[in-house]
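Below is one structure, written out as structure tokens, with a few remarks after it.
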Amino acid sequence: MKNVVALLAVVFSLASSGSPAGASEDSPYLYHPGETLGRGAAVLESETAIGTRESRPFGEEGVEQGVRVRYGALTPLTLEAWGATLFNGSGLDHAAWAVESRLRLLDQGQAPMSLQLGAGWLQDFQGVSVPRLRLTGSRSLDGLDLRATSLAEIPTGVAGRDAVDLIIGVAGSTAMASHLRLGAEILGEDLEGLWDEEEAEGGAKLLAGPTVDSALSPRLALKLNASAYYPVTRNTPTRVQPGIDASSGPGFLGRLAVSYAF
């Protein structure tokens, strides 16, 4: 965890030394990343999550407390670092961290939609190293924001898991006022479980729920999502994870983020 804190401190110091580039184009969602930030812009975010089921990669059973930093290194390039701890009823249990860079490939101003490519590395709460690739498309229309995300995770050094875990999600939100947006997010993971009765992770999973995005001030924002977690299909996973019941039914995931834009 000391390495996580040091990494966040370095990124934050870089963000603080950059010249402000106006308001950031941050995401109104919890599970879908935003557009790349302007050069020198930065966002510091505190994130708290509560889960009643183990439902990677969406969340964990217990309470997560994390810190996230996004920094616009160049106009089309954003760097992100995240670190978190997990409490599951027995005190501090696990720590996790991740880094990611996102590059804007298309801009809605010059194309029908915005498109960005992301690449990063996750060390998850179970201690597994996971390289990640992300592709996000978005479009805004008169106060309506539409977004689609695909995320490929490649677990390393773990037997019995899928070679690649693919997460696909869609989201939409509308402006209710100048400082308030209401929307919804839907994500699916291990969707091959819909046709494969021996899906390695135990079956297809779905997460869906409403999201509220509120600008408390020109720089301070709050985002809240409350989602139902539902195992669409179930089978015995090829890798039994300690402390995780593969037969667990539906659950709940709540996530709150408070961010400050520099």
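The values are calculated or read from the model by the stated rules, or taken from the named source; none is laboratory data. Given the structure is predicted, the values throughout are model-derived calculations rather than measurements. Because the Cβ atoms are built from the backbone with ideal geometry, glycine has one as well, and the counts that use them run over all protein chains shown. These area figures cover heavy atoms from the full protein model, side chains too; ligands, DNA and RNA do not enter into them. Shrake-Rupley method; radii C 1.70, N 1.55, O 1.52, S 1.80 Å.
Quick look at the values:
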{"quantity": "Sum of side-chain charges, Leu151 neighbourhood, beta-carbon under 14 Å (Lys, Arg +1; Asp, Glu -1)", "calculated": "-3"}
{"quantity": "Simple spin-label estimate for Val158 and Thr52 in nanometres, 7 Å along Cα-Cβ", "calculated": "2.5 nm"}
{"quantity": "Solvent accessible area, Å² - Ile154, 1.4 Å probe, full protein context", "calculated": "70 Å²"}
{"quantity": "Farthest toward positive dipole pole in region 45-189 [+1 Lys/Arg, -1 Asp/Glu at C-beta], among Ala175, Gly51, Pro131", "calculated": "Ala175"}
{"quantity": "Proximal charge balance of Arg132 [Cβ under 10 Å; K/R count +1, D/E count -1]", "calculated": "-2"}
